[in-house]
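The structure appears below as structure tokens.
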Amino acid sequence: MTLVGLTVPDAAVLAGAVLVGLGLDLAFGEPPARVHPVVAMGRYLGAAGRRVSRPAGAQARPMVEFWRGALGWSVGAVLVSALAVAAVWAVQGLHPLAQAGLLGLLLKPMFSWRMLRDEVVAVEAALAESLAAGRQRVGWLVSRDVTALSDTQVREAAVSTLAENLNDSVVAPLFWFAVAGLPGAALYRFANTADAMWGYRGERGGRDWTWAGKWAARADDALSWLPARLTALLIALPTVGRGWSVVVANAGRTPSPNGGWPMGALAVGLGIRLGKPGVYELNAQGRAPVAGDTAQALRRCGQVVALLSVVAASVVAGALA
């Protein structure tokens with residue numbers, strides 16, 4: 001099979017790369033910022049964003065801003081995809097073990113489980129010290145105002161972020177890697193980063209993103225649509241027979257067309273309530289989460305990552321049999 005004139009590594013090489021990437025993630029976490037591809041994506045998006053958006057308070061030009069945003073996104077997407085295709089080309093012809101190792105090294109920055117897990121653990125540890133410390137720490141994870149959150153709301157914010165980012169930071173990049181190799185994972189990571197930086201309704205950082213960020217938001221919605229539902233299914237597997245209909249019923253209660261799926265699945269699976277004041281409430285009949293529920297949520301999401309590892313290992317073992 002070929003992609004843009006290049007031979008796509010076979011399933012065993014891709015699965016081996018996933019195992020290498022997961023191993024690197026668990027052992028070392030994130031690469032240094034100076035060599036992290038996602039940091040470079042962020043720099044591009046920051047510079048381009050100042051050109052495609054308008055200063056807050058300036059006269060709106062909806063279609064001009066929309067198409068500027070679309071063009072800025074597309075240029076970045078082409079650059080990222082081209083670099084990924086070049087990397088795939090560079091490793092072709094090498095021994096399959098070398099291909100898997102190098103592709104795994106390049107894949108690792110496109111997803112992050114260890115950092116997500118550690119940040120959620122840190123929120124719970126901070127809450128154990130004081131509510132003020134918990135609020136401050138969860139502020140690293142969410143964009144909402146955290147100054148008036150209760151301890152329950154801090155915990156809800158952390159667990160919700162864990163569920164949503166299990167998709168955004170782990171399952172979706174690996175899904176697109178399985179579908180389209182390194183270019184697929186890199187394009188998804190760019191789209192998700194663009195949504196995080198541009199996909200706002202209204203003002204952020206002195207710029208108005210109502211129209212300039214619309215393309216980035218919709219592109220991320222489209223690329224996350226199937227992985228979000230897959231993530232929800234993986235989270236719900238231990239209780240899928242008893243609670244899937246409830247997961248589906250809760251999934252549409254968030255403004256995001258995708259975020260409600262993994263968050264709802266985790267809420268239903270643990271029997272807890274997750275919400276954002278004035279915005280949504282998932283599994284409203286559930287109990288308020290307590291410290292032990294954070295550990296349970298981390299365990300459930302860790303099981304999803306472990307299952308992905310088992311699937312990848314099975315593909316490699318099948319090829320070697």
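Considering only residues that are surrounded by fewer than 16 Cβ atoms within 10 Å (Cβ to Cβ), in contact (Cβ under 8 Å) with a residue 60 or more places away in the chain and either in contact with a strand residue (DSSP E or B) (Cβ under 7 Å, 6 or more places away or on another chain) or assigned to a loop (DSSP other than H, G, I, E, B) (or both), which ones fall in the stretch 62-95? Passing the criteria: W89, Q92.
For the stretch 203-218, the criterion of being at pLDDT 95 or above, closer than 17 Å to P173 by Cβ and not small (G, A, S) is satisfied by no residue at all.
Only one of the numbered conditions (1) within 27 Å of F177 (Cβ to Cβ); (2) in contact with a strand residue (DSSP E or B) (Cβ under 6 Å, 6 or more places away or on another chain); (3) of a type outside the set (K, R) is not met by N258, and that is (2). Based on this model, can you work out whether A98 counts as of a type outside the set (S, T, N, Q) and over 23 Å from A11 (Cα atoms)? Here the answer is no, as A98 does not meet what is asked. Within the stretch 124-181, the set of residues being surrounded by fewer than 16 Cβ atoms within 10 Å (Cβ to Cβ), among the small types (G, A, S) and closer than 25 Å to P227 by Cα comprises just one member, S143.
Among the residues of the stretch 105-120, is there at least one that is farther than 25 Å from D195 by Cβ and assigned to a helix (DSSP H, G or I)? Yes. Here are D145, D195: which of them is over 28 Å from A312 (Cα atoms), outside any helix (DSSP H, G or I) and not aliphatic (A, V, I, L, M)? Unique residue meeting the criteria: D145.
Restricting attention to the stretch 48-61, the residues being farther than 18 Å from R189 by Cβ and outside any loop (DSSP other than H, G, I, E, B) number 5. Scan the stretch 184-197 and give yes if some residue there is over 27 Å from W113 (Cα atoms) and touching a Phe, Trp or Tyr at 6+ places or on another chain (Cβ under 8 Å), otherwise no. Scanning the stretch 184-197 turns up no residue that is over 27 Å from W113 (Cα atoms) and touching a Phe, Trp or Tyr at 6+ places or on another chain (Cβ under 8 Å). A194 fulfils the conditions (1) surrounded by fewer than 21 Cβ atoms within 10 Å (Cβ to Cβ); (2) at pLDDT 95 or above; (3) small (G, A, S) except for a single criterion, (1). Go through the stretch 237-268 and give me each residue that's over 12 Å from N283 (Cβ atoms) and either buried (at least 24 other Cβ atoms within 10 Å of the Cβ) or under 16 Å from the mean Cα position of the chain (by Cα) (or both). Within the stretch 237-268, S256, P257, N258, G259, W261, P262 meet the criteria.
Inside the stretch 96-138, residues that are among the β-branched types (V, I, T), touching a helix residue (DSSP H, G or I) at 6+ places or on another chain (Cβ under 6 Å) and in contact (Cβ under 8 Å) with a residue 60 or more places away in the chain make up a count of 2.
Report yes if L237 is of a type in the set (A, V, I, L, M, F, W, C) and in contact with a strand residue (DSSP E or B) (Cβ under 8 Å, 6 or more places away or on another chain), otherwise no. No, not satisfied.
The values are calculated or read from the model by the stated rules, or taken from the named source; none is laboratory data. Bear in mind that the values here come from a model prediction, so they are computed numbers and not experimental data. Glycine also receives a Cβ, built like all others from the backbone with ideal geometry; neighbour counts cover every protein chain displayed.
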